[in-house]
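K.L.:
I have a structure here, written as structure tokens, and I will follow up with some questions on it.
Derivation of every value follows stated rules applied to the coordinates shown; laboratory data play no part. None of these values were measured; they are calculated from a predicted model. Cβ: placed from backbone, ideal geometry, glycine included. Neighbour counts: every protein chain shown.
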Amino acid sequence: MNLFWLGKPSTPTSTSNNCSGFITKFVVLHLPRRVLLLNDNARPHVAFATLQKIEQLRWAQTSPNPFHLLLGDDGIDGPTNAITYPSRAKKSVQNQWAKQKKPIILGWAGLYLYHELFVYMTNGELNNSSCDCVFTYNTNFESSASAVLFHVRQSFKPLPKNRRPEQLYAMMSIESPYWCYEKMEYVPDDYFNVSITYHSASTIPVPYGQLTQITALTSPEQIWSAAEISERMSRKKRFALQIVSHCGAPSGRDVLTKQLQELIELDMVGKCSGKNCDEQKCYQQQMESHFFYLAFENTVCSEYVTEKFWNALRSLTVPVVLCREVVRESGIPDDLYIAADDFDSAAALADHLKALHKDRDRYLGYFNWTKFYQKRWVPTVNTSAFCQLCEMVHQQMEEGGELVGRNYTVKSHKKLWGAQRCRENFVQNELFKKKLTKDDKDS
């Protein structure tokens, strides 16, 4: 996979279906129709381009990259570090990969439509020389691929026709099981031998974030100073914020949000409120200007703690979550967030938030974590999921292949990623439902 830069344009960053106006680094995934544009400051998105259009824009590759990407049937970006047509390059590319003994990882069934592979599997770092694997979406490489990667958030039919015993079949999703388990019903329970999800029970865990302890080797830039914390607190002028673009979520979060709107000053941003921020900078400013952030997930599932929580934390805004158990089982300390299910009612939760807002010392207590953990909250690149999968494939080749492939196993993907991992309608069915004690029943 190659990194491209566009010369400084005269127009601002654009999100339209053309290639003019992009100002920072991005990656081309598929030509001539679909491309995924990944810049430094925004989420990737699909746009349209042609090889001729790229040549007209005179894009310049700045450095070779060990991630070689085959761009479907319409174009190739091969290890020659040049964009060429498959009729001229496909055979030579295959031969070159074979001579170099480069392992091939095949992305199955339209994986390029999703940004997860590059944002979460590589931690946004695509130029890591330790991961010397070929990545392709071209199913013609099915028989020669060392690993096949399935994005289980979408349908991955038709299935591969020929599977070798030593091949690694990896299921991948950063979404909760609620959105995935039906897609996996039509494959055997032991179909996958590698799992790549946010859950710690996965073969390769890909959490949305993690706390990194401060050590003697930690750079001072990664440690929050008292002055920085004080400055961040001075920016806070508003009470609570929620950013939601998925309305009517299965967790039932909308029900609690509606109750809280009548009890506290709550600013709503996102598609569900009709008030959108157009840029990441806007979202960041909104987050930093509020004391509390309602980090209610769309589903309540085991260890499902997403960027909602981590964005609040890195902005020094106190996250409010639906379920403490979900966050606790992710290994996150209890004292840096507030959980709605610790309270008997929405009113009790609102009263607690108001009390903290009035008591600066108690509020600041939620930032004691800054004394022990770094600012950095994303995994470092040497733990990226793509690299780990690549390393597994290399180990497979070095140790004889078939035996290693069989030793990797997901005994039951239905147990790992089944519906039982989630609690549908959590707010309506479980939240604030006080369990009666014996004394309550007798009274």
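K.L.:
Can you pull the one-decimal nm distance between simple spin-label points at residue 433 and residue 273, each 7 Å off the Cα toward Cβ?
P.N.:
Each label point is offset 7 Å from its Cα along the Cβ direction, giving 3.0 nm.
K.L.:
In terms of modelled amide H atoms, which long-range or inter-chain residues lie less than 5 Å from the amide H of residue 148?
P.N.:
Counting only residues 5 or more places away or on other chains, the set is 106, 168, 169, 170.
K.L.:
Which of the residue pairs 236/275; 157/308; 236/271; 308/354; 275/358 have a Cα-Cα distance greater than 26 Å in the structure shown?
P.N.:
Violating the 26 Å Cα-Cα cut-off are 157/308; 275/358.
K.L.:
Using the Karplus equation 6.51 cos²θ - 1.76 cosθ + 1.60 (θ = phi - 60°), what ³J(HN,Hα) coupling, rounded to whole Hz, does each residue of segment 133-149 give in order, writing x for Gly and Pro?
P.N.:
Using θ = phi - 60°, the values come out as 10, 8, 10, 9, 9, 7, 5, 5, 8, 3, 6, 9, 6, 7, 9, 10, 10 Hz.
K.L.:
Considering amide H positions built from the backbone, and no H for Pro or chain starts, which residues 5 or more places from residue 206, or on another chain, come under 5 Å of its amide H?
P.N.:
197, 198, 199
K.L.:
Quick one: grab the alpha carbon gyration tensor of segment 220-371, order the square roots of its eigenvalues as a ≥ b ≥ c, and give me rounded if a/c is under 1.5, else prolate or oblate depending on whether a/b is larger than b/c.
P.N.:
Since a/c stays below 1.5, the shape of segment 220-371 is classed as rounded.
K.L.:
Non-local amide H neighbours of residue 267 (under 5 Å, H modeled in plane, Pro and chain starts lacking H): which ones?
P.N.:
Placed amide hydrogens put 240, 241, 242 under 5 Å from residue 267.
K.L.:
Per-residue HN-Hα couplings for segment 309-321, Karplus 6.51 cos²θ - 1.76 cosθ + 1.60 at θ = phi - 60°, whole Hz, x for Gly and Pro?
P.N.:
5, 6, 5, 5, 4, 6, 8, 6, 10, 6, x, 10, 10
K.L.:
Starting at the first residue of segment 195-202, write each ³J(HN,Hα) from the Karplus equation 6.51 cos²θ - 1.76 cosθ + 1.60 with θ = phi - 60°, in whole Hz, x for Gly and Pro.
P.N.:
My calculation for segment 195-202 gives 10, 10, 9, 6, 6, 5, 7, 6 Hz in order.
K.L.:
Nearest 5 is fine: what % of DSSP beta bridges in segment 220-371 come out antiparallel, could you say?
P.N.:
On the way: 1 of 13 bridges.
The answer is about 10 percent antiparallel.
K.L.:
Then there's this: Full-extension gain between residue 335 and residue 281, please, as 0.36 nm times their residue separation minus the C-alpha to C-alpha distance. All intermediate terms of the calculation are to be shown ahead of the outcome.
P.N.:
Values: separation 54, 0.36 × 54 = 19.44 nm, distance 2.81 nm.
Stretched fully, the residue 335-residue 281 segment lengthens by 16.6 nm.
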